[in-house]
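Heads up: the structure comes next, in structure tokens.
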Amino acid sequence: MAAKQRSISVSEFFAKNRHLLGFDNPRKALLTTVKEAVDNSLDACEEAGIGPEIWVTITQTEPDRYKVSIQDNGPGILKRQIPLIFGKLLYGSKFHRLRMSRGQQGIGISAAGMYGMLTTGKPVKIVSKLSIRKPAHYYELQIDTKTNNPQILNNRGDGLDIPAGEKGRKIMEKKNIEWEAFYPIPEVGEDETPPEPVEVRSGTRVTLEIEAKYQRGRGSVDEYLEMTAIANPHVTLHYLDPEGTLHTYARSTDQLPPEAKEIKPHPYGVELGRLVTMLKEMKEGTITQFLTSSFSRVSPAVARRICEGADVSTRSSVKKISRDEADKIYKSIQQTKIKAPSTDCIAPIGEELLLKGLHQVVPGEFYVAATRPPSVYRGNPFQIECALAYGGHNAAQKVSRELLERLIDETDARTLRQFLMNTFDGLGADSADKIMKAGEFGSRQSPSKLKQDQIERLHDCMKNVNVSDGQAMQVLRYANRVPLQFKMRDCAITQTVMKMNWRSYGLSQSRSNLPSGPVRVMVHVASVWVPFTSESKEAIAHYDEIQKEIRLGLQTVGRKLGMFLRRRQQVKKEGERRNVFVRYLGEVAQAVSDLNGSDRDEIYNHLTRVAKRVTKEADTKLDDRGNKVTEENYGDNVLIIKDDPEEGLTEQLDKTTPQKKLF
Amino acid sequence: MAKKKAKKPTPAQQARKAKLTAKDKKTLNSLVGMADGVVRQASRGRAPYFEVPSRSLSNVKYSPTKKIIEMGSSKNKRELFNLSQARTYMQTLLVGRGCKELIEQGKTTSIRGLYYLLKHTIDGTREETFNDQGDCDPVIEDVEVTLNALREELHVYASNRGAMVGNIQLIDSGDEIDCSRMGSGGYAIPSIVEEEVMQFVKCDADFILHVEKDTVWRRFNEDKFWKQHNCILTHGNGQPPRGVRRLLSRMHNELGLPIYCLLDNDPWGYYIYSVIKQGSINLAYESRRMAIPGAKFIGLRSRDYELCELNPSVTIKLSDNDIKRANQIAKYPWFEKKKRWQKEIKKMLSNGFKLEVEALISKDISYVTQEYVPERLAEANFLD
């Protein structure tokens, strides 16, 4: 027995427990791979101050195998670092610092490489270019799971250097190395000459071949990229999906998010074990020096108070601090009053950009965003942002008869149900079924074979069937601008949304459930250290401080939604009032004329005149809270799209990119 | 709508117009007046409204001298340009028009008939003028009070409910009826029993016994109680309709017959007695014609449970609603000052149960006709 015991390498452990890293099934493996690579690319670009431009290409090589390539225009990676970054687990720049970034541990991309190697046996291919003049490096890498070390496969373990310029491009073509050498040419009018293509100056491209499954819908790559576009309005994404369709999400701002500052840990956030390690790492100096230099917000005065509380001399050497004393210091830290950490190390998206991003991707009538002031949990600063989009689900209801015919003409969907779901935003399977049922269409009805009267019927049904009924609120969760797509129920964000009382904001909600209605809520948790429930970074842990901030943020956007809905209700009521009177006037006039023989039309005209005057007076009355209804009440950061029946859909059709469909 | 109107003045209908009685003319005048008011208000650019006397407890007064419930003077505005009243406003005018049609044609119809006469879809909408009869009935009552016209003056009647048997002969719409020869079913009391329709020919009875419902009435009829005690036997099928109340009132006043009521020992029974005696809150404007201040209450009394040694299993537990209602009734001004009634209600509440007249059957099938009522009559111990 004793002879069989030996140490386990990190790589071996994760190779066996790949679900911990998000490679549970082929479908999720594809997403995780794309996600890790894109997150790394974005971090790299932002740190280098480059406006990120990212190419994602997924192609199917075998029935259950896909080749995934992700390229960025970032700063590139130094030649000697490449093997370590992509071929060694737990190697990275982000773990040991406290700074807001997407990646944290340095596991992700190398784990994806390992997964590819385990499932397909193919190496990870990396191209990295540091500048426009210098040669690019090309590596084919494998990870040695026993030792957790990289192995370079190509060119006898040396990698390949590709010269810059036209010569290099020829070599790449010959060797079948993929590289996007130029930015896509923006489209111009017919009479204009297209601009010269711009060469990509630097960047990294990683190509992996993995066992995977491509599927649209919830938890898909498409969803991830779309959500990323919402929270990162400064990013341009080119996504070529396995079916050969190119999706482009153009940036809506050129302004990069402000650079996040790195901070030292705050004493409150440090556990005993970590404190002991830090003490060991400190080679010399006094305890006071240790405390003031390793932590933020610890001045010599504070350090003195900590030492006094722990009954340790302020001048004792760190080397002589015993385990026992360390424990006392730890306890004393908790009791000493220390200023909260500075919060300028967090870069929120900002309300304006949130609105822009949300509006660009999500259809709606009403948008609102709120950024909370920063706060602290366990010594880690964090900040919450909330945004909400309401409505916009009635593209199907607003479509005109002519446009519908055109759409039916153009579609390649095989069944009518598919046509409805693919063409109209926010029209799910349930709603499509409802429309089909109301119109009494057969389940396999082909859209191209519809007759005129059937189109008429379809149009009627689309107008009248209530598609937003019973639809639950969609919660878009983000941590440091990265979308969270799984473990919705376990996440502190979802839990907080469900615990709130949305009924007071005009939505219907059954007890501790998501409210229903055409609503999308987006919650962004930004922090130097986001507390995830697991390594696969899918759900945020339940810290009271975080939940409280989320609640406050949601209340801010909720209040404004409530105002919007109430106001809409008010307008509707006024319309109804006028209607009610007009409806009865004819009857009243007729009855009066029957009774006393006076002229019906004359009475009717008299009554209509009075009705107009009376309802006009009622319209200017105060709202139900006694305030005069004015537009200013909403405050900042609210976007209201006026109802324009045709525009929304035609605009969508004219886009060169395929129609956007969110979930 | 418009077509209907065009059809109306057919020769047959024109001819009928001549047969209007003085009463009809008066009603027609007030109906036309209602419409004139609308024209006047509308042509001056004012929002038209009616004033409908309020028919609630707050607007009825108990007159201790006349011993009946009378309607007060408070009125509710019914406006056309008020969201919650617009529909009823329109319905009020429709009922007015329907009544005018009936009067001009010299016909009468049931309230259900009037409902069907007026029910149609409003032009250009999917809305019906009246959704169901419950929508229509209160509007008819509103028109009655607004115009101060009785239902029969509007040529509308309620469905027949209640029966009569006994030593009385009368003429109903020209037919002579002998109420002592009505078999087991009795004479169905019509809704309109006014002088013009019904005349009394001969009456040998000494008093009237009014029972609450059909089952008890049949017991009395089968046992020929009215023959033995020489009385008239009526029932009103629960809360007596106007026809029954008006007939009782006429027989009491014109023939000088005392009236005794045999009702259940529960809040519902108390209230039936109260309606017969003082008039109802809802129809307070009719109390003058219908209330019988001289009516007496025979039973069932709360003390009868012990007096008649009834079996505990025939009692029915008072519900929360019953208790609430009993307390309400005890506070009505016309019960408030009657100590015996207060004691009676208190006794029922302390019993905690109610008794139906049928409970007496548990003693013997004919106990109620052969012992209970004769004994009470002999004692002359009534609640007033």
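The values are calculated or read from the model by the stated rules, or taken from the named source; none is laboratory data. Note that this is a predicted model, so its numbers are computed, not measured. A quick note on method: Cβ atoms are made from the backbone with ideal geometry, for glycine too, and the neighbour counts reach across all protein chains shown. Surface areas here come from the heavy atoms of the whole protein model, side chains and all, with no ligands, DNA or RNA. Shrake-Rupley method; radii C 1.70, N 1.55, O 1.52, S 1.80 Å.
Let me know the shape class of the range B:2-157, please: from the alpha-carbon gyration tensor, a ≥ b ≥ c as square roots of the eigenvalues, rounded when a/c is under 1.5, otherwise prolate if a/b is greater than b/c, or oblate.
oblate
Return the value, in Å² to the nearest 100, of accessible area buried between chains A and B (probe 1.4 Å, both sides summed).
Using a 1.4 Å probe, the pair buries roughly 2500 Å².
How large is the direction-averaged shadow of the alpha-carbon convex hull of the range B:163-379, in nm²?
Convex hull of Cα atoms, orientation-averaged projection: 11.7 nm².
Would you mind telling me the share, in percent, of accessible area of the range B:2-157 contributed by carbon and sulfur at probe 1.4 angstrom?
That share works out to 51 percent.
Shape call for chain A from the C-alpha gyration tensor, a ≥ b ≥ c root eigenvalues: rounded (a/c under 1.5), prolate (a/b greater than b/c) or oblate?
It is oblate, given that a/c is not under 1.5 and a/b is not larger than b/c.
What longest region of chain A stays clear of GluC sites (Glu not before Pro) that DSSP places outside H, G, I, E and B and that have at most 11 other Cβ atoms within 10 Å?
It works out to A:441-663.
Kindly provide log₁₀ I(q)/I(0) values, in the same order as q = 0.13, 0.16 Å⁻¹, from the Debye equation applied to equal alpha-carbon scatterers of the range B:26-112.
Here log10 of I(q) over I(0) equals -0.60, -0.84.
Which value, in debye to the nearest 20, gives the size of the charge dipole of chain A about its Cα centre, when Lys and Arg are +1 and Asp and Glu are -1 at the Cβ?
It works out to roughly 3040 debye.
Compute the angle between helix A:600-619 and the longest alpha-carbon principal axis of chain A, please, reported from 0 to 90 degrees and rounded to the nearest 10.
30 degrees
Just tell me how shielded B:88-98 is by partners: mean number of partner chain Cβ atoms within 10 Å of each residue's Cβ, no decimals.
Per residue, the average neighbour count from other chains is 4.
Could you size up the charge dipole of the range B:2-157 around its Cα centre, putting +1 on the beta carbon of Lys and Arg and -1 on that of Asp and Glu, and report it in debye to the nearest 20?
560 debye
Each label point is 7 Å from the Cα along the Cα-to-Cβ direction; what then is the distance between the points at B:His120 and A:Arg567, in nm?
It works out to 4.4 nm between the two label points.
How much accessible area per residue does the protein assembly as shown have, counting only protein heavy atoms and a probe of 1.4 Å, in square angstrom?
Here the per-residue accessible area is 47 Å².
Please express the shape of chain B as an equivalent ellipsoid: the semi-axes are the square roots of 5 times the eigenvalues of the C-alpha gyration tensor, given largest first in whole angstrom.
42, 26, 18
Any residues in the range B:29-60 that have 20 Å² or more less accessible area with all protein chains than in their chain alone, probe 1.4 Å, and which are they?
Residues of the range B:29-60 that lose at least 20 Å² of accessible area once the other chains are added: B:Val32, B:Ala35, B:Val38, B:Val39, B:Ala42, B:Ser43, B:Gly45.
I'd like the residues of the range B:116-130 whose 1.4 Å-probe accessible area shrinks by no less than 20 Å² going from the isolated chain to the full set of protein chains.
B:Ile122, B:Thr125, B:Glu127
Here is the link list: B:Lys77/B:Lys277; A:Lys174/A:Lys213; A:Lys264/A:Lys548. Which ones come out longer than 27 Å on Cα distance?
Over 27 Å Cα-Cα: B:Lys77/B:Lys277; A:Lys174/A:Lys213.
Could you work out how far helix A:429-438 tilts from the main Cα principal axis of chain A, as a 0 to 90 degree angle to the nearest 10?
Tilt of helix A:429-438: around 20 degrees.
Express the carbon and sulfur contribution to the solvent-accessible surface of the range A:267-335 as a percent, rounded to the nearest whole number, probe 1.4 angstrom.
Carbon-and-sulfur percentage of accessible area, whole number: 48.
Against the longest principal axis of chain A, how steep is helix A:300-310, in degrees 0 to 90 to the nearest 10, with axes from Cα atoms?
With rounding to tens, the tilt is 80 degrees.
What FRET efficiency comes out for A:Arg80 versus A:Ala301 if R0 is 45 angstrom and r is the Cβ-Cβ distance? Round to the nearest 0.05.
The formula returns an efficiency of 0.50 here.
At a Förster radius of 45 Å, what calculated FRET efficiency corresponds to the Cβ-Cβ distance of B:Ser30 and B:Thr215, to the nearest 0.05?
E(calc), rounded to 0.05, equals 0.60.
Calculate the length of the line joining the C-alpha centroid of the range A:61-86 to that of the range A:444-458, in whole Å.
The range A:61-86 and the range A:444-458 have Cα centres separated by 48 Å.
Which of the lysines could be linked to B:Lys202 by a straight reach, that is with a Cα gap under 23 Å, when you skip same-chain ones fewer than 8 residues away?
Qualifying lysines at Cα under 23 Å: B:Lys224, B:Lys227.
Identify the residues of the range A:524-550 with backbone N under 16 Å of a label point that sits 7 angstrom from the Cα of A:Arg489 along the Cα-to-Cβ direction, or state none.
A:539-540
Taking a ≥ b ≥ c as the square roots of the Cα gyration tensor eigenvalues, with a/c under 1.5 meaning rounded and otherwise prolate when a/b beats b/c, else oblate, which class fits the range B:74-233?
Note, shape of the range B:74-233 comes out prolate.
Accessible area of the range B:202-258 with a 1.4 Å probe: how many percent of it is carbon plus sulfur?
The nonpolar share, carbon plus sulfur, comes to 43 percent.
With springs connecting C-alpha atoms under 10 Å apart, model chain B as a Gaussian network and identify which of B:Glu101, B:Glu194, B:Glu309 has the largest mean-square fluctuation.
Top of the fluctuation ranking is B:Glu309.
Determine which lysines satisfy two conditions relative to B:Lys23: a Cα distance under 26 Å, and not lying fewer than 8 residues away in the same chain.
Once the sequence-local lysines are set aside, what remains near B:Lys23 is B:Lys5, B:Lys8, B:Lys75, B:Lys100, B:Lys107.
Report the FRET efficiency, 1/(1 + (r/R0)^6), for A:Thr59 and A:Ala164, where r is their Cβ-Cβ distance and R0 is 41 Å, rounded to 0.05.
My answer for the efficiency is 0.90.
Put simply, what bits of the range A:579-603 lose 30 Å² or more of accessible area when the other protein chains are there, versus the chain on its own (1.4 Å probe)?
Hits at the 30 Å² cut-off: A:Phe581, A:Arg583, A:Tyr584, A:Glu587, A:Val588, A:Gln590, A:Ala591, A:Val592, A:Asp594, A:Leu595, A:Asn596.
Along the positive direction of the dipole of chain B (beta-carbon charges: Lys, Arg +1; Asp, Glu -1; about the Cα centre), which of B:Gly243, B:Pro190, B:Gly134 reaches farthest?
B:Gly134
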